[in-house]
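This report refers to the structure that appears directly beneath it.
The values are calculated or read from the model by the stated rules, or taken from the named source; none is laboratory data. Owing to the predicted nature of the structure, the values given are computational and were not obtained by experimental measurement. So basically every Cβ, Gly included, is an ideal-geometry build from the backbone, and we count neighbours across all protein chains shown. Surface accessibility is based on the protein's heavy atoms, side chains included, excluding ligands, DNA and RNA. Shrake-Rupley method; radii C 1.70, N 1.55, O 1.52, S 1.80 Å.
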Amino acid sequence: MISLITILLFFLYLWGLGYTTTYWVKKPEHPWERQLLNLAIGLGIFPILSIIINFLRIPLDWKLFLVLSLVFPLYNLVNKIRTKQLHLPVFKFIITKSDLALLAVLIIVAFSLFMYTTGAFSYPYLEDEDPWGHSVGVKYVALEKNAYDPVISGSESKIDPILSYIDPYPPAYDILLGILHQTSPDLNWTIKFFNALLISLGFLFFYLFAKDFMGNQNKALLATFILASLPAYLSHFIWAHALAVTLFFPAMYAFWKIKEDQHWAYIAALIVASIWVAQNIEEPIKLTMLLLVFVIVASITSQKFLKKEFLAIMSGIGLSLLWWGMMIKKYTFRGFVQYFTGGKILSVTSNELMSSAKSPMALSGTSSAISTSTTTTTLLDKLSEMYHSLTSPGGSGARAYGLNDFVIAQKENMINNPLGIGIVVSILTLLGIVWVLWHYKSSLVDEKNTWLILTLFWLMITFWGVNGVTFPLSIMRGPFRTWMLLAIPVALMAAEASYLLMNIGKQAKIPKGIVLLLIITGVLLTSGYQKYSVNTAVWPTSGSFMNQQEPFEYGAWFQSIPPNTKVFLYTPRDKLVIGYGGFSCLWCPEVLDFRKDLLNKNVQELYSFLQQQGYQYLILNGAMDRKYALGTYGENTTNELLPQRYNEISNSGLFTPIFQRENRFVVLKVN
């Protein structure tokens, strides 16, 4: 269900925050570029603003964000009207090259949005597992107006027992979608559409950055086209990296502008903070590494240390402690590290270290050196383990990559982070590297060539990161989630090589337009077509379903009822209900308590609970219910009680069957 008012509000939030934040800094002269920049900066401000509001325990309500976004622009407008300083622009129908370039970028954005939404809405469910988890976080924020985990009494695990992407996972992505869901009732449509819109807007933000970075709007436009065509750069998979990676472009724009106006440093710091609260520490660490490389390289080329840029990075990380500090306080440093590293890095406690230091051997004068050495070694071992965990090449899709993985883009690919560059872009990138190293060998460290040497270093680091399993030493955790970062310098370098070929063609009396057309065609055929195929294909969904047809049938039924209708699955998979657009409060104590030992509750207890909680429908799925019952109650109890409960429900007269797929599932209305 499309919500036009929510689309309008989304752009108002971003534009208003961007207008307010950039009011006192130097901005582009082009009027449309200035307004589009407001969207980029506004998106960069929203995440950390939401974390500050949440930290102050102020409800996360869409009306508050609307007021914060528009209060200063409206004040400024009223003040100009009052002082008679408001002058409407004189309309002149003059189309400049800058206008045409922006128009071309907006066409790229529109086509990307079409591609991503075509794929996302080609099936009624959410793909894989992570998007279902995000849907729960979005619903939680929308209803509870809070981004801290609820207190669950009797939980076996102190960390993250219910909500996968709320606390300690940084929640800015779910907050943004949750705020949008407050005015857009259909959650399924909301997260699919706005996730695709975030990624697509990223191409516009990339262009704004690349235009100043490369110093040439035509090169920036071509780089934007190449980035949008690369399979490796962001699919429509619903995951927080859609926000975190997109934020890198307004961040780099702000950092690049500091040399012109030092006030941009404050904006850069805020966007760095937003990056650090947009996704778990893995991606922020990678993006911060790229920002630090920028500071180092630019310091060398400018022959002075970029103190403001460095302080902006550190200040942004410090500001993000409004979230991370609260998590460490809540879960302890040990629990925090173990959660995000997935290991027992801190398995030796401080008490154990103290016990070691106070052992009889340690207390004897002759053995003090041995004790100190042992304690120091233990600490060093733990620090080493922490480093290796943060840079571990492991991950659900990690493997060693060969030449074909880079050069030959495939129509069938990973859905959460596709692989591949494509043969034409790969050749262009290699040509660009050789050209830059040869042609600029004596001037590469000149300040005017900062973007070239920085792009080379970004290429080297991200290529190394992608090959964490292949190379003896890994520098980035999760190599397959580094492909999207590799795509950024690849697009920049390929665009530079394209202009080299056009200049060579000119010398050979081949029109530049012909060379450019051949390059665009080659990119589309060897990268763009493959990306389109992957992103418009029907993707698989949660392993909770028992066959391929079942999730479509669930989707067909959920689309027949109003959004947010309360539906109870006998299987403890409430996230499926939420992801389809229904509702079941899986974080509410009443639901959690009732689900405990559910199979031992008779039909009258079940009916009374559903009535009291306002559930309208009950769904039974023999294969799915049995699968999860076996894991909880064992085979004997499941074989005895599950058929008994089904018979009780069927014969009680308390429920009316309204929808059924034979040998799959049945929907019953609660009478």
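Here ALA120, ALA110, ALA101, ALA147 are screened, and the one residue that is in contact with a Lys or Arg (Cβ under 6 Å, 6 or more places away or on another chain) and small (Gly, Ala, Ser) is ALA120. For LEU517, the conditions (1) part of a helix (DSSP H, G or I); (2) touching a residue at least 12 places away in the same chain (Cβ under 8 Å) all hold with the exception of (2).
Within the range 661-670, if we keep just the residues that are without any contact (Cβ under 8 Å) to a residue 60 or more places away in the chain, under 14 Å from LEU569 (Cα atoms) and not β-branched (Val, Ile, Thr), the residue that is least open to solvent (accessible area, probe 1.4 Å) turns out to be LEU668.
Among helices (runs of 4 or more DSSP H) entirely within the range 214-310, having at least 2 residues that are out of contact with any Asp or Glu (no Cβ under 7 Å at 6 or more places or on another chain) and open to solvent by 20 Å² or more (accessible area, probe 1.4 Å) singles out 217-229, 264-276, 282-302.
Report yes if some residue within the range 83-99 is under 24 Å from ILE226 (Cβ atoms), modelled with pLDDT of 95 or more and assigned to a helix (DSSP H, G or I); otherwise report no. Break it down into steps so the answer makes sense when it comes.
Filtering the range 83-99 for residues under 24 Å from ILE226 (Cβ atoms) gives 96-99.
Pick out the ones that are also modelled with pLDDT of 95 or more and you get none.
Within the range 83-99 (the criterion being under 24 Å from ILE226 (Cβ atoms), modelled with pLDDT of 95 or more and assigned to a helix (DSSP H, G or I)), the answer is no, since none of the residues qualifies.
When you look at PRO540, is it open to solvent by 60 Å² or more (accessible area, probe 1.4 Å), over 30 Å from VAL151 (Cα atoms) and in contact with a strand residue (DSSP E or B) (Cβ under 8 Å, 6 or more places away or on another chain), yes or no? The answer is yes for PRO540. Annotation for the range 437-448: at least one member residue is acidic (Asp, Glu) and exposed (fewer than 14 other Cβ atoms within 10 Å of the Cβ).
Scanning the range 464-485 for residues that are without any contact (Cβ under 8 Å) to a residue 24 or more places away in the chain and surrounded by fewer than 18 Cβ atoms within 10 Å (Cβ to Cβ) turns up PHE471, PRO472, LEU473.
Please specify each residue of the range 116-132 satisfying the condition of being assigned to a helix (DSSP H, G or I) and open to solvent by less than 10 Å² (accessible area, probe 1.4 Å).
Residues of the range 116-132 that are assigned to a helix (DSSP H, G or I), as a first pass: 116-120, 130-132.
Selection gives TYR116, GLY119, ALA120, PRO131, TRP132.
Here PHE568 passes the criteria (1) under 25 Å from TYR646 (Cα atoms); (2) open to solvent by 50 Å² or more (accessible area, probe 1.4 Å); (3) outside any loop (DSSP other than H, G, I, E, B); (4) not basic (Lys, Arg) except the one numbered (2).
Annotation: of all residues in the range 12-36 being part of a helix (DSSP H, G or I) and over 18 Å from LEU66 (Cα atoms), the one that is most open to solvent (accessible area, probe 1.4 Å) is TRP32. Being among the hydrophobic types (A, V, I, L, M, F, W, C), out of contact with any Pro (no Cβ under 7 Å at 6 or more places or on another chain) and in a helix (DSSP H, G or I) holds for only one residue in LEU39, LEU43, and it is LEU39.
Is it the case, given these coordinates, that LEU620 is crowded, with 20+ Cβ neighbours inside 10 Å and under 15 Å from GLY653 (Cα atoms)?
Details: crowded, with 20+ Cβ neighbours inside 10 Å: yes; under 15 Å from GLY653 (Cα atoms): no.
No; evaluated as a whole, the condition is false for this residue.
Of the numbered criteria (1) under 30 Å from the mean Cα position of the chain (by Cα); (2) of a type outside the set (A, V, I, L, M); (3) open to solvent by 10 Å² or more (accessible area, probe 1.4 Å), the one TYR554 fails is (3). Within the range 452-461, the set of residues being surrounded by 19 or more Cβ atoms within 10 Å (Cβ to Cβ) and touching a residue at least 60 places away in the same chain (Cβ under 8 Å) comprises ILE453, LEU454, TRP458, ILE461.
If only one of LYS80, LYS63 is modelled with pLDDT under 95, assigned to a helix (DSSP H, G or I) and of a type in the set (Lys, Arg), which one is it?
Values: LYS63 fails: modelled with pLDDT under 95.
None of the others qualify; the one that does is LYS80.
The numbered conditions (1) part of a helix (DSSP H, G or I); (2) open to solvent by 40 Å² or more (accessible area, probe 1.4 Å); (3) within 30 Å of PHE558 (Cα to Cα); (4) touching a residue at least 60 places away in the same chain (Cβ under 8 Å) are all true for LEU9 except (2).
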